[in-house]
Amino acid sequence: MKIPNLTKKIKIKKYQIIEIEWLDSLHTTGWMKEESVQTTPLEKMKHKTLGYFLREDEKSLLVIQSYGNFIEGSPMVDGIMEIPKGCILRIKKLINRRNYENPF
């Protein structure tokens with residue numbers, strides 16, 4: 001299944017701050033009768049993540065919490081979160097492009 005490029009459509013650049021609204025899986029434990037199993041409303045599985053946009057590939061979008069100095073020619077990053085594209089409901093830019101300056 002080919003999933004479209006999400007960030008190109010709304011013109012997100014590397015290291016821009018974004019908010020991603022996405023659906024997570026839900027897991028319960030313990031034995032129960034099959035007829036008592038109910039689905040969970042999607043609203044209870046929605047999450048929001050804020051971060052600096054790092055990159056997107058065919059399957060997922062990566063955001064980071066922090067970035068820092070270069071070491072051996074590469075910027076240092078931390079707090080990497082990868083969200084599958086199929087789980088993403090919405091992406092919102094949280095910084096105006098006019099005020100944004102790429103740190104690298």
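Just so it is clear, none of the values below were taken in a lab; they were calculated from the coordinates. Just so it is clear, the model here is predicted, and its values are computed rather than measured. Using ideal geometry, Cβ is built from the backbone for each residue, glycine included, and neighbour counts are taken over all protein chains shown.
The HN-Hα couplings worked out from phi for segment 39-56 by the Karplus form 6.51 cos²θ - 1.76 cosθ + 1.60 (θ = phi - 60°) are 7, 9, x, 4, 4, 6, 9, 7, 9, 10, 10, 10, x, 8, 5, 9, 6, 9 Hz, whole numbers, x standing for Gly and Pro.
Partners of Lys93 within straight-line reach, counting lysines whose Cα lies under 23 Å from its Cα and excluding those fewer than 8 residues away in the same chain: Lys8, Lys9, Lys11, Lys13, Lys14, Lys46, Lys48, Lys59, Lys85. Rounded to whole numbers, the Karplus 3J(HN,Hα) couplings from phi for segment 68-82 are x, 5, 6, 10, 6, x, 10, x, 8, 10, 8, x, 7, 10, 10 Hz, using 6.51 cos²θ - 1.76 cosθ + 1.60 with θ = phi - 60°, and x at Gly and Pro. Can you pull out the trypsin sites (Lys or Arg not before Pro) in segment 54-92 whose DSSP state is coil and whose Cβ has at most 13 other Cβ atoms within 10 Å? Answer by residue number: Lys59. Contact order, relative form, for the chain: 35 percent (alpha carbon pairs under 8 Å, 6 or more residues apart, mean separation divided by residue count). Close amide-amide hydrogen proximity is noted between Gln16 and Phe53, each under 5 Å apart and 5 or more residues distant or on a separate chain (H modeled in the peptide plane; Pro and chain starts excluded). Highest mean packing comes first when the peptides 35-42, 13-20 are listed by Cβ atoms within 10 Å, giving 13-20, 35-42.
Going 7 Å from the Cα of Asp57 in the Cα-to-Cβ direction, what parts of segment 68-82 have a backbone nitrogen less than 17 Å from that spot? So the set is 80-82. Lys and Arg at +1, Asp and Glu at -1: add these up for the other residues within a Cβ distance under 15 Å of Ile83 and post the number. It works out to a net charge of 0. Here the spin labels are modelled as points 7 Å beyond Cα on the Cα-Cβ line, and at His27 and Asn69 they lie 3.9 nm apart. Which of the following values of Rg/Rh (Cα atoms, Kirkwood Rh) was calculated from the structure shown: (i) 1.10; (ii) 1.01; (iii) 0.94? From the options (i) 1.10; (ii) 1.01; (iii) 0.94, the structure gives (i).
Could you work out the local net charge near Glu21, counting Lys and Arg as +1, Asp and Glu as -1, over the other residues with Cβ closer than 10 Å to its Cβ?
After counting each charged neighbour, the total is +3.
Remark: segment 25-31, residue by residue, has Karplus-estimated 3J(HN,Hα) of 7, 10, 9, 10, 10, x, 6 Hz, where x stands for each Gly or Pro and the curve is 6.51 cos²θ - 1.76 cosθ + 1.60 at θ = phi - 60°.
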